[in-house]
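What follows is a set of notes on a single structure, which appears directly below.
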Amino acid sequence: MNRYKKANEGIHAPEDVKEKAVRPQGRRGGYTRWTGAVAALLAVVLIGGIAVYANRQPTVDQPTPCSEDGPGPQVRGVGVPAQATALGVAQYPDIHPYPRQDDYFDNDTSYSSDKYDRDMKAWRADMEALRTGTDYTGLMDEFLSRSTAQFLTGAGEDNRVYSPLNVYMALSMLAETAGDNSRAQILNLLQVDSIEALRERANALWRDNYRDDGTVTAILGNSLWLRDGMTYSQEVLNTLAKNYYASSFSGKMGTEEYNQALRDWLNEQTNGLLAEQAEGIEMDARTVLALASTLYFKAAWGSEFNPENTETDTFHALSGDVDVEFMHKTMEGTYYWGEHFAAVKLSFQEGGDLWLILPDEGYAVDKLLESGEAMDFLLADKRGRWDEKAQETVGAWPGQKFLDINLSMPKFDVSSDLDLIEGLKKLGVTDVFDPGVSNFEPLEASTVDPLYISQVQHAARVKVDEEGCEAAAFTVMIMEVTAMAPPNEEVDFILDRPFLFAVTGDSGLPLFTGVVNQPNG
């Protein structure tokens with residue numbers, strides 16, 4: 001408690017905001033108790049350089065839960081890190097806990113159906129109020145395909161992990177601060193024709209992927225890190241607060257205390273899974289603004305692997321054979337295939353899936369990514385739609401069959417470190433990195449010196465075992481071909497060579513994608 005008080009000494013901010021900093025809202029409970037569950041997270045920090053001092057503290061309105069037609073006032077808060085002034089703290093929608101039927105049996109084994117029905121109704125009401133009903137078909141396919149191929153190819157013998165959704169959100173926030181061609185390049189990459197359309201989509205993405213109900217956790221966090229003594233456009237800051245749930249902090253750039261405040265925020269949002277990586281994050285004396293975006297996903301397998309079936313076997317890595325612990329399970333499910341790959345999915349409890357994509361023998365992961373076939377599959381409609389006139393299902397992925405699948409997959413712990421600047425330039429976003437042409441006029445930062453993005457560093461880690469998956473990542477700148485059907489009613493799916501994976505959330509969009517070349521990391 002004292003550290004929050006100390007952080008606000010001598011701060012010129014509204015008393016109600018300072019009071020929130022002294023008494024930060026409680027953290028989302030139960031994360032550390034979810035042993036063996038699935039977690040995935042990404043933090044993106046965009047840092048721009050060169051600044052001069054002005055005469056007053058930056059200010060920002062208190063973030064609101066969502067857009068005006070969004071869910072009601074029940075919210076959860078974000079803690080305030082020490083050594084930073086909280087100008088506005090984001091509050092997340094509160095979702096009624098998902099009712100588990102096993103919890104509604106009394107000691108005498110009688111079942112409380114009325115209570116279960118009430119709780120289920122309350123949960124559904126909260127979810128319906130939160131979701132926007134947006135149909136994402138085709139809206140982001142180009143970005144998802146191009147950026148995934150850009151950042152996952154070229155791994156060589158190494159592993160890579162990338163979160164398309166998180167980078168989309170981070171670039172959306174950056175677009176709010178940019179103008180003219182700097183903004184146009186970002187809008188073009190993100191497949192929108194105006195900042196208003198992007199704002200609406202980003203807010204929908206936040207609401208359609210957010211979930212924190214005791215069964216599935218998927219939280220997108222955003223924050224702004226401002227410089228003491230500078231002024232910024234109040235309109236931009238308020239827009240980021242309202243539409244992106246962005247918390248705002250201010251402090252003295254270049255100090256270890258302010259850097260630690262940012263690290264503390266990242267660690268809180270990512271549940272401490274990237275504490276070691278966060279230690280390398282620094283804002284220097286030239287930094288004007290840091291935009292941080294996080295994605296945290298956590299859910300248990302719908303059906304766990306039996307540890308007794310785990311045994312050591314050979315994984316044929318590019319660098320040579322290695323001994324790896326393989327998990328085994330026989331399950332009924334849909335087996336998918338394309339011209340150069342096969343795929344299956346594992347579902348999480350009450351929402352989301354892990355997709356496993358295995359290139360054909362002798363067909364490289366990079367070639368599959370570059371052809372666009374992998375992302376075409378991930379983004380395709382797997383079920384199709386019923387054509388009343390033709391009296392048949394149309395539009396479904398053609399290569400699929402319901403089979404008994406004998407799945408063998410390695411437990412893996414993979415990580416990667418990426419610099420995204422060159423990749424973003426190849427994707428068409430160039431001006432923001434060049435102080436000679438960059439335009440950040442909408443930000444109205446009180447400096448005559450040019451602003452530009454000086455860092456875009458990305459680190460990620462994903463672990464998978466019998467009970468689930470745990471993953472973390474941060475970035476500092478802070479995409480049809482039919483083939484022959486399987487010959488039998490049973491198929492072996494053995495991931496004993498480099499493969500792709502993707503984690504999808506409630507919206508069906510890929511939250512995380514990755515290449516596993518070395519399961520042992």
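The values are calculated or read from the model by the stated rules, or taken from the named source; none is laboratory data. All of these numbers come straight from a predicted model, not from anything done at the bench. Positions of Cβ are backbone-derived with ideal geometry, glycine not excepted, and every protein chain shown enters the neighbour counts. What goes into the accessible areas is simple: the full protein's heavy atoms, side chains included, and nothing from ligands, DNA or RNA. Shrake-Rupley method; radii C 1.70, N 1.55, O 1.52, S 1.80 Å.
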| request: Filter region 228-252 for residues that are farther than 19 Å from SER507 by Cα and open to solvent by less than 10 Å² (accessible area, probe 1.4 Å) and give the result. | output: MET230, SER233, LEU237, LEU240, ALA241, ALA246, SER247, SER248, PHE249, SER250, GLY251
| task | Identify all residues within region 450-467 that are at pLDDT below 80 and open to solvent by 20 Å² or more (accessible area, probe 1.4 Å); write none if there are none. | result | GLN457, ARG461, LYS463, ASP465, GLU467
| said: I'd like to verify a number: residues in region 142-179 that are under 17 Å from the mean Cα position of the chain (by Cα) and surrounded by fewer than 18 Cβ atoms within 10 Å (Cβ to Cβ), how many? | reply: 0
| task | Inspect region 206-216 for any residue being part of a loop (DSSP other than H, G, I, E, B) and of a type outside the set (Ser, Thr, Tyr) and give the result as yes or no. | result | yes
| query | Out of all the residues in region 342-365, which are part of a loop (DSSP other than H, G, I, E, B) and modelled with pLDDT of 90 or more? | reply | ASP360, GLU361, GLY362, TYR363, ALA364
| request: Collect the residues in region 70-109 that are among the hydroxyl-bearing types (Ser, Thr, Tyr) and modelled with pLDDT of 80 or more, keeping them in residue-number order. | output: THR85, TYR92, TYR98, TYR104
| request: Would you point out which residue out of ASP492, ASP506 is at pLDDT 70 or above and in a loop (DSSP other than H, G, I, E, B)? | output: ASP506
| Filtered residues of region 291-304 (kept if surrounded by fewer than 21 Cβ atoms within 10 Å (Cβ to Cβ) and either of a type outside the set (Asp, Glu) or modelled with pLDDT under 85 (or both)) | ALA300, GLY302, SER303
| field | Conditions (1) touching a helix residue (DSSP H, G or I) at 6+ places or on another chain (Cβ under 8 Å); (2) surrounded by 20 or more Cβ atoms within 10 Å (Cβ to Cβ); (3) small (Gly, Ala, Ser): number failed by SER194 | value | (2)
| query | Taking the condition outside any loop (DSSP other than H, G, I, E, B), closer than 30 Å to PRO99 by Cβ and modelled with pLDDT under 95, does LEU226 pass? | reply | no
| query | Within region 396-412, is there a residue that is aliphatic (A, V, I, L, M), over 30 Å from HIS328 (Cβ atoms) and either open to solvent by less than 50 Å² (accessible area, probe 1.4 Å) or touching a Ser or Thr at 6+ places or on another chain (Cβ under 6 Å) (or both)? | reply | no
| message | Would you confirm whether or not region 267-290 contains a residue that is open to solvent by 10 Å² or more (accessible area, probe 1.4 Å), assigned to a helix (DSSP H, G or I) and touching a helix residue (DSSP H, G or I) at 6+ places or on another chain (Cβ under 7 Å)? | response | yes
| Filter result (surrounded by 23 or more Cβ atoms within 10 Å (Cβ to Cβ) and assigned to a strand (DSSP E or B)) within region 413-426 | VAL414
| request: Assess whether GLU128 counts as being assigned to a helix (DSSP H, G or I), more than 25 Å from PHE433 (Cβ to Cβ) and open to solvent by 60 Å² or more (accessible area, probe 1.4 Å). | output: yes
| Taking region 184-223 as the search range and keeping residues that are among the hydroxyl-bearing types (Ser, Thr, Tyr) and within 19 Å of the chain's Cα centre (by Cα), which one is modelled with the lowest pLDDT? | THR217
